[in-house]
Amino acid sequence: MPADHGSRRAALRAALASRDLDALLVTNLTNIRYLTGFTGSNAALLVDATDDEGGEERTVICTDGRYLTQVGEQVPDLRAEIARASAATLIKSLPTASAVALESHVVTVDEFAAWSLLAPDARLDPVPGLVEELRMVKDEHEVGLLRAACAAADSALAELIARGGLRPGRTEREVGRELEALMLDHGADGISFETIVATGANSAIPHHRPTGTVLRGGDFVKLDFGAEVGGYHSDMTRTYVLERAADWQRDVYALVERSQKAGRDALRPGAEVSAVDGAARRVIEDAGYGELFLHGLGHGVGLEIHEAPGIGKQGTGTLLDGAAVTVEPGVYISGRGGVRIEDTLVVRERGPELLTLTTKDLTVV
């Protein structure tokens, strides 16, 4: 199923019209990709709220000459202009007295001042997050790419373990590099982020970067990684024990596993994001480890590895049907080790759809 960029722009036009805005100048490249399919490194998009649903005659994308061929191939349904100063070019073309929204969460103070001089008769309104709100709900094309990204990560991890890649004597860096290469071998276009491999006491550091630390028998090994397919990212964490598991490791792992299940079970359209976090966090707090759960429960995932909605104690808003999110509680015992278990899921009316399928049972390798 191809991406329906026209429908996405139609939804944006409706959002603009409801706010009495004539247009939105999109300068966030990820949002431009979402709305048009364009993947170049320089572009601006002016989405006209008054366009007819089919024609979009006044919506225009602007990029520079390096992408003349690319913009024609990737965005055949929109008029394209070619200019190095893409945003400024579109600003100068604004009709007199138009009310134009700017993505104020990405526009700098200097850009706003310069653009105001270029269009003195237009009203430039700071309006953050309009496209990001649309991006929270994934269409079936997007979910298909998320499934493929998660499958590449699942397959890479399975091969890593099957060929003995997690074993005493290897370093965190060696394991991370091998896992990243395997994701590419299994169909990924790239990696979602630098793979986290954390062994022993390092596993108690939530976002530890791999080092030359050597894996040892009896240690936790935490792997947090993801694959990217078609611009969409997976995110998964699994924690293993090497050779033998101590009772304290089994207890901590079982606690995080229960917490993660509670968080997954709380994913429902309309659920308050803070309540979803609370469902998982209470399990850990009731066991006396609440101060060792050091971060929010999860986040949205899609064209960016971290996007709306944020799922945490201070989070606001409710989950929407079709939102893709992570659920990733953890317990981190400084100097000893930590456990995090993370899945990527899609919120559904019938219950969340699990996209990362690697077992979450405690595994000793």
#### Entry: Karplus-derived 3J(HN,Hα), 6.51/-1.76/1.60, for each residue of region 22-29, Hz, glycine and proline x
7, 6, 10, 8, 9, 10, 6, 5
### Message
I need HIS105, HIS5, HIS306 ordered by Cβ neighbour count within 10 Å, fewest first.
### Response
HIS105, HIS306, HIS5
### Message
Can you work out the Karplus-derived ³J(HN,Hα) for every residue in region 157-173? Use 6.51 cos²θ - 1.76 cosθ + 1.60 with θ = phi - 60°, whole Hz, and x for glycine or proline.
### Response
5, 4, 5, 4, 6, 4, 9, x, x, 9, 8, x, x, 7, 9, 4, 4
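Treating only the Cβ atoms of Lys and Arg (+1) and Asp and Glu (-1) as charged, compute the dipole magnitude of the chain about its Cα centre; round to the nearest 20 debye. Spell out each step's value before the answer.
On the way: 37 positive and 55 negative charges, 228 e Å.
Here the chain has a charge dipole of around 1100 debye.
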### Message
Cut-off under 30 Å on the C-alpha distance; same-chain residues fewer than 8 positions from LYS261 excluded. Which lysines are left, in chain and number order?
### Response
LYS138, LYS222, LYS313, LYS360
### Query
Got a sec? Which residues in region 76-120 would a label at ASN42 touch, if it sits 7 Å along Cα→Cβ and we count backbone N under 14 Å?
81-90
### Query
Put +1 on the Cβ of each Lys and Arg and -1 on the Cβ of each Asp and Glu in the chain; which of ALA275, ALA153, ILE196 then has its Cα farthest toward the positive end of the dipole?
ILE196
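Take the alpha carbon gyration tensor of region 140-354, find the square roots of its eigenvalues, order them as a ≥ b ≥ c, and report rounded if a/c is under 1.5; if not, report prolate when a/b exceeds b/c, else oblate.
Values: a/c = 2.12, a/b = 1.16, b/c = 1.82.
It comes out oblate by the Cα gyration axes.
Suppose every Lys and Arg Cβ carries +1 and every Asp and Glu Cβ carries -1, with no other charges. What dipole size does region 5-135 come out with about its Cα centre, to the nearest 20 debye?
On the way: 12 positive and 19 negative charges, 54 e Å.
So the magnitude is around 260 debye.
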### Query
Which GluC sites (Glu not before Pro) from region 16-76 combine a DSSP loop assignment with at most 14 other Cβ atoms within 10 Å?
GLU53, GLU57
### Message
Can you give me the long-range amide H partners of ALA323? Hydrogens built in the peptide plane at 1.01 Å from N, cutoff under 5 Å, separation of 5 or more residues or another chain.
### Response
LYS138, VAL347
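Report relative contact order for region 282-365 in percent, whole number only (criteria: Cα-Cα under 8 Å, sequence separation at least 6). Can you show the working numbers first?
Details: 124 pairs, mean separation 18.8, N = 84.
Result for region 282-365 is 22 percent.
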### Task
Apply the Karplus parameterisation 6.51 cos²θ - 1.76 cosθ + 1.60, with θ equal to phi minus 60°, to every residue of region 318-329 and state each ³J(HN,Hα) to the nearest whole Hz, in sequence, with x for glycine and proline.
10, 6, 10, 4, x, 6, 9, 9, 9, 10, 8, x
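Pop the C-beta distance of THR318 and ARG167 into the FRET formula with R0 = 56 Å and round what comes out to the nearest 0.05. Could the numbers behind the result be given before it?
Details: r = 45 Å, r/R0 = 0.80.
It comes out at approximately 0.80.
How large is the charge dipole for region 140-354, taken about the Cα centre, if only the Cβ atoms of Lys, Arg (+1) and Asp, Glu (-1) carry charge, to the nearest 20 debye?
Numbers: 23 positive and 33 negative charges, 149 e Å.
Dipole about the Cα centre, nearest 20: 720 debye.
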### Query
Under 5 Å between amide H atoms, partner at least 5 residues away or on a different chain: which partners does ARG79 have, H built in plane at 1.01 Å?
ILE61
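Compare the peptides 202-213, 266-277, 322-333 by average per-residue count of other Cβ atoms within 10 angstrom and give them in order, highest first. Walk me through the numbers on the way to the answer.
On the way: 202-213: 17.1, 266-277: 19.2, 322-333: 24.7.
Packing proxy ranking, top to bottom: 322-333, 266-277, 202-213.
A short reminder: the numbers here are calculations on the coordinates, not readings from a lab. Predicted, not measured: the structure shown is a model, and the values here were computed from it. All Cβ positions, glycine included, derive from the backbone under ideal geometry; neighbour counts span all protein chains shown.
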